[in-house]
1. In the set Ile62, Ile78, which member is at pLDDT 95 or above and either assigned by TED's automatic domain parsing to the domain that holds Glu17 or within 16 Å of ligand 2 (Cβ to nearest atom) (or both)?
2. Can you spot a residue in the stretch 113-127 that is modelled with pLDDT of 95 or more, over 19 Å from Arg279 (Cβ atoms) and within 16 Å of ligand 1 (Cβ to nearest atom)?
3. State all residues of the stretch 103-122 that are more than 16 Å from ligand 3 (Cβ to nearest atom) and in contact (Cβ under 8 Å) with a residue 24 or more places away in the chain; if no residue qualifies, say none.
4. Among the listed residues Pro276, Pro239, which satisfies the condition of being under 25 Å from Ser121 (Cα atoms), touching a strand residue (DSSP E or B) at 6+ places or on another chain (Cβ under 9 Å) and not charged (D, E, K, R)?
5. What strands (runs of 3 or more DSSP E), lying completely within the stretch 119-190, carry at least 3 residues that are open to solvent by less than 10 Å² (accessible area, probe 1.4 Å) and under 23 Å from Glu83 (Cα atoms)?
6. Select from the stretch 212-232 the residues that are of a type in the set (Ser, Thr, Tyr) and open to solvent by 20 Å² or more (accessible area, probe 1.4 Å) and list them in ascending order.
7. Would you be able to say whether some residue in the stretch 277-293 is more than 15 Å from the chain's Cα centre (by Cα) and open to solvent by 40 Å² or more (accessible area, probe 1.4 Å)?
8. List the number of the failed condition for Ser209; all other conditions in (1) open to solvent by less than 20 Å² (accessible area, probe 1.4 Å); (2) within 22 Å of Leu118 (Cβ to Cβ); (3) within 15 Å of the chain's Cα centre (by Cα) hold.
Amino acid sequence: MQKSKAVTIQRHIVEQERLFPKATGDFTGLLWDLTLAAKTISREVNKAGLAEILGLTGEVNIHGDAVKKLDVYANERICKSMEHGGHLCVMASEENEDVIPIPDEFPKGKYVLMFDPLDGSSNIDANVSVGTIFSIYRRKTTGRDATIEDCLRKGMEQVAAGYIVYGSSTMMVYTTGQGVHGFTLDPSVGEFLLSHENIEIPSKGKIYSINEGNAHTWDEGTRRYIAYLKENDPSTSRPYSLRYIGSLVADFHRNLLYGGIFLYPADYKDPKKPKPKLRLLYEANPLAFIVEQAGGMASTGKERILDIQATELHQKVPLIIGSKEDVLLYEKFFNQK
Ligand code: AHG
Ligand code: MN
Ligand code: MN
């Protein structure tokens with residue numbers, strides 16, 4: 001762990017914004033609102049095991065609120081925290097079929113926010129790490145209201161991206177294109193403090209992360225690549241270790257710090273119709289922006305994630321992400337006929 005300098009996240013965001021002389025402070029406000037939402041979600045995630053106890057009937061908690069599934073709660077929390085600040089013109093969430101407009105009573109801003117409110121939510125009942133992922137763009141259309149066009153973008157147009165991992169501690173990691181920075185929530189003061197400045201992913205790792213139960217659905221290249229990682233050759237740090245949590249944020253975060261590769265290839269059961277699982281706008285793009293800023297790579301096997309033009313809100317893509325040398329080698333295997 002790197003040495004903490006007791007820099008709060010809001011100070012860091014302000015200082016990052018000062019690097020852009022024309023900045024209005026709008027962006028700082030946006031990220032600040034997001035950290036507030038993150039703290040509230042963190043609090044709820046931390047008492048997830050108490051939901052049944054506090055909920056008594058399972059329907060109403062001690063505050064009189066309905067006990068909600070945490071991904072629904074996180075989704076509502078982010079929408080409510082972000083809709084009134086005047087920074088956003090539209091939002092999109094993994095949990096909503098359509099775009100989420102900013103209600104008429106609030107001022108509209110120039111940014112677009114897309115997010116996965118709770119990633120890895122199937123892990124929550126077992127007290128395993130989960131996360132929130134976010135991605136921010138500048139508005140593109142000029143009409144009165146922002147539209148879906150403002151959301152259907154290329155990942156390389158992102159102006160910021162980040163995630164919060166609710167793990168043994170709560171951490172927020174973000175980039176505005178000036179490196180990747182990590183903050184750990186100090187629960188005693190309720191602030192995110194800079195704990196990981198300028199994160200750089202090792203150029204090669206010793207970890208691979210993939211759901212091996214899906215091996216029967218993999219393409220030939222992925223099969224050969226994974227078999228290669230398991231061969232014994234200490235001079236190339238093989239065999240690699242398998243680490244798979246099943247929460248993308250947590251798997252990604254570990255590999256970002258230690259080096260390694262995360263893979264969620266498409267399902268090739270029907271070779272004419274490969275079926276990917278992870279979502280371009282809420283999962284792949286933000287993590288791809290972060291990994292590139294940290295010196296790593298994100299690819300579908302064939303193409304750079306950040307170059308893909310989104311055509312649908314809930315578009316899915318194969319995601320191969322992590323240390324540069326590892327991803328480059330995967331691409332070789334994948335493209336070898
Ligand atoms: P979400 O909880 O937001 O729907 O995302 C789940 C994703 C991701 O977090 C994880 O990497 C992957 O699904 C796990 O999928 P498998 O259970 O198929 O391995
Ligand atoms: Mn997810
Ligand atoms: Mn989710």
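The values are calculated or read from the model by the stated rules, or taken from the named source; none is laboratory data. In this text, all values refer to a predicted model and were calculated from it rather than measured experimentally. Here the Cβ is made from the backbone with ideal geometry for all residues, glycine too, and neighbour counts use every protein chain on show. Accessible surface areas use protein heavy atoms only, side chains included; no ligands, DNA or RNA. Shrake-Rupley method; radii C 1.70, N 1.55, O 1.52, S 1.80 Å.
1. The unique qualifying residue is Ile78.
2. For the stretch 113-127, residues modelled with pLDDT of 95 or more, over 19 Å from Arg279 (Cβ atoms) and within 16 Å of ligand 1 (Cβ to nearest atom): absent.
3. Of everything in the stretch 103-122, those that are more than 16 Å from ligand 3 (Cβ to nearest atom) and in contact (Cβ under 8 Å) with a residue 24 or more places away in the chain turn out to be Lys108, Gly109, Lys110, Tyr111, Val112.
4. Working: Pro239 fails: under 25 Å from Ser121 (Cα atoms).
That would be Pro276, the only listed residue that is under 25 Å from Ser121 (Cα atoms), touching a strand residue (DSSP E or B) at 6+ places or on another chain (Cβ under 9 Å) and not charged (D, E, K, R).
5. Correct list: 130-138, 160-166, 170-175.
6. Tyr228
7. Checked against the condition, which is being more than 15 Å from the chain's Cα centre (by Cα) and open to solvent by 40 Å² or more (accessible area, probe 1.4 Å), the stretch 277-293 yields no hits at all.
8. Only one criterion in (1) open to solvent by less than 20 Å² (accessible area, probe 1.4 Å); (2) within 22 Å of Leu118 (Cβ to Cβ); (3) within 15 Å of the chain's Cα centre (by Cα) is unmet by Ser209, namely (3).
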